[in-house]
Amino acid sequence: MIDSQWQQDLFTQGAPELGNQYRDDPLLAAWLHRVLPGSVMAALQPELDELGRVAGVDLYALQLTDRENEPRLQQWDAWGNRVDEVEPTPLWREAERLAVRHGLVATAYERQRGRFARIEQFAKVYLFHPSSDVYTCPLAMTDGAARTLIEAGNPRLIERALPHLTARDPALFWTSGQWMTETTGGSDVGRSETRAVQDGGHWRLYGRKWFTSAVSSQIALTLARPEGNPPGGQGLGLYYVEVRDADGRLNRLRVDRLKDKLGTRKVPTAEIMLEGTRAELVGEPVNGTRAIEPMLAVTRMWNSVCAVAFMRRSLALARSYAARREAFGQPLVNWPLHADTLAAMEAETWGAFLMTFLLVELHGRMESGEISDQQRALLRLVTPLTKLITGKQSVSVVSEAIEAFGGAGYVEDTGIPQLLRDTHVLPIWEGTTNVLSLDALLRADLHAGLAALMGRASVCVRALKEPRLAAAGRQAIGALERAALWLESGKDSDVMQAGARRLAMTLGRGLQLALLCEHAQWMLDNGGDRRGFAAALRYSRLPADLMHEIDPGLDRTLLAQREERG
Ligand SMILES: Cc1cc2nc3c(=O)[nH]c(=O)nc-3n(C[C@H](O)[C@H](O)[C@H](O)COP(=O)(O)OP(=O)(O)OC[C@H]3O[C@@H](n4cnc5c(N)ncnc54)[C@H](O)[C@@H]3O)c2cc1C
């Protein structure tokens, strides 16, 4: 009796709690108010409010109970038939139902909101993603496939697939995979070994695809080399594949196994063998890497939104915990250093958010045909820049959140470690940080993009009235100018490539700081909210200009050493 009383008196810590994730997000609401017409904002608000509740309460609770479930691959049925069925987790089934009902892909194609359609879509995705166990992965590829088919202008495939990819009826909805990476490489897909052989009016594909996420999708876009084509990316064609026939039989392909991954363990990422898979050309039998670019532009935008959403989720959990967890006689949040740590996470999150939603806004303009040449150049440059910088920021912020929980952050059944593991994929898939840095550096229209980026940052800074924001704005412009100067300095190709990531990060941080200052001034002018001001000043204390790390003397020495070695 005494023993059990003693045990009952032991301290137990309350778990962190999430509420309505829309109401609990001052930045999302303020930014939407800033950029959307009143009528659009009023129309969106009820659905955002509902999704905020679903994501923060119902789906989050299901996510915690579903924690140990993983997708299962059943390769054979009881009678020896090869079936290769993937059973998704219960949460994934619910996530699909919600995604279809809320039109997380469809919204972008219904175009009720004109150039604001992408903003509506991604405000919803931003709320939904962290509770979805990365169901956003197949959604991103589905959106990318729809865009790619439209841009390729293939009427048969548009008529066949688009109504399914953009359906709001779960019975009709299809998702798409994107089968690019092979054992020869995901960055250098020009080395792909998959062969395409013409067979009457269609094609048959032979090869191995090494990373195919969402292998449970109904269709996929994939790259293969028509027989006789030259090596390299130009010799590849882009193909459309339906994974099963009307009777559910696999289209001459085999799912060899699901990957055993660090994170995104709810996403069934498979290795598959194409053994004469029937396929249809999307466009010409060449230039497949160019034809799939719309897919990449879209999935990189999803990646950026998911990165910010993970940052925001980890911050929300860390904040809730800081209010409930006591140390040395008071809640953690009252300790200046812990509060400072959380504020630093918030500043990074706000910077990443503003850059990401600039990208979203520009993409919506492009699709509705309301985009200037300058905005188009900016869109092309900020697509890789936003993906690469937000991927890195999310890993850093989510990692900080793990530590903000102390030991609990390291323990699986709190649900916190999964956040870091899942986030860690964001800098890798859809183009690694280095590959995207080089993509930005080596693009033919870099100078137009850079001028547009400087132009956008200057607009942000010109509007600043608060003196400390104005100083931070000048710091942003200074970093961007230094990056431009470095670019024009005519260094040799090796030195330029070695500096590509620093260049990309400097452009990203400079733009984020300018956008933070602009938004902070708007918040001050519209109700006097000082949270944006605090975020901008804090962000400005970290260097935006990373170019100074390049030591030209050291570069020269290293190059000379290399030449000596031959
Ligand atoms: C969970 C998960 C799911 C995935 N799902 C899919 C999918 O559905 N479909 C699909 O097609 N792919 C998928 N991928 C694959 C992913 O896109 C690739 O892993 C990624 O593009 C990198 O390719 P790689 O693994 O071959 O690495 P590599 O291309 O071998 O790169 C290795 C390293 O070298 C660096 N590097 C490469 N070239 C250069 C260079 N020129 N200069 C400097 N650095 C360089 C890269 O940055 C990287 O750090 C998935 C990956 C993961 C982890």
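Results, tabulated for the structure shown:
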read-out	value
Shape call, segment 378-523: gyration tensor on alpha carbons, a/c limit 1.5	oblate
Chymotrypsin sites (Phe, Trp or Tyr not before Pro), loop per DSSP, at most 12 other Cβ atoms within 10 Å - longest free stretch of the chain	80-327
Charge-dipole axis of the chain as Lys and Arg at +1 and Asp and Glu at -1 on Cβ define it, positive-most pick from Tyr22, Gly369, Gly185	Gly369
Using θ = phi - 60° and Karplus 6.51 cos²θ - 1.76 cosθ + 1.60, couplings along segment 422-438 (whole Hz; Gly, Pro as x)	5, 5, 5, 7, 5, x, 9, 6, 6, x, 6, 4, 5, 4, 6, 4, 5
In order through segment 469-475: 3J(HN,Hα) via Karplus (6.51 cos²θ - 1.76 cosθ + 1.60), integer Hz, x for Gly, Pro	5, 4, 5, 5, x, 5, 4
Selection of trypsin sites (Lys or Arg not before Pro), segment 380-488, meeting DSSP coil and at most 11 other Cβ within 10 Å	Lys465
Val83 versus Glu564: modelled label distance in nm, points set 7 Å from Cα along the beta carbon direction	6.7
Loop-located trypsin sites (Lys or Arg not before Pro) in segment 127-165 whose Cβ has at most 16 other Cβ within 10 Å (DSSP)	none
Exposure proxy ranking, count of Cβ atoms within 10 Å, fewest first, for Met547, Met355	Met547, Met355
Straight-distance crosslink candidates among aspartates and glutamates, where the alpha carbon sits under 12 Å from Lys266 and sequence neighbours closer than 8 are dropped	Asp66, Glu68, Glu70, Glu87, Asp133, Asp422
Whole-Å semi-axes of the chain's equivalent ellipsoid (Cα gyration tensor)	37, 32, 24
Listed residue (Gly288, Thr277, Pro417) projecting farthest to the positive dipole end of the chain, Cβ model	Gly288
Whole-Hz couplings from phi, Karplus 6.51/-1.76/1.60, listed for segment 235-249; x for Gly and Pro	x, 8, x, 9, 10, 9, 10, 9, 6, 10, 8, 4, 8, x, 7
Pairs of Cα atoms farther than 18 Å apart, segment 73-179, %	53
Student exercise, the chain dipole from Lys, Arg, Asp, Glu Cβ charges, in Debye to nearest 20	960
Calculated FRET value between Asp529 and Gln7, using beta carbons and R₀ = 41 Å, to 0.05	0.30
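Every read-out reported here was derived from the displayed coordinates using simple, explicitly stated rules and does not represent laboratory data. Source: prediction; values computed, not measured. Because the Cβ atoms are built from the backbone with ideal geometry, glycine has one as well, and the counts that use them run over all protein chains shown.
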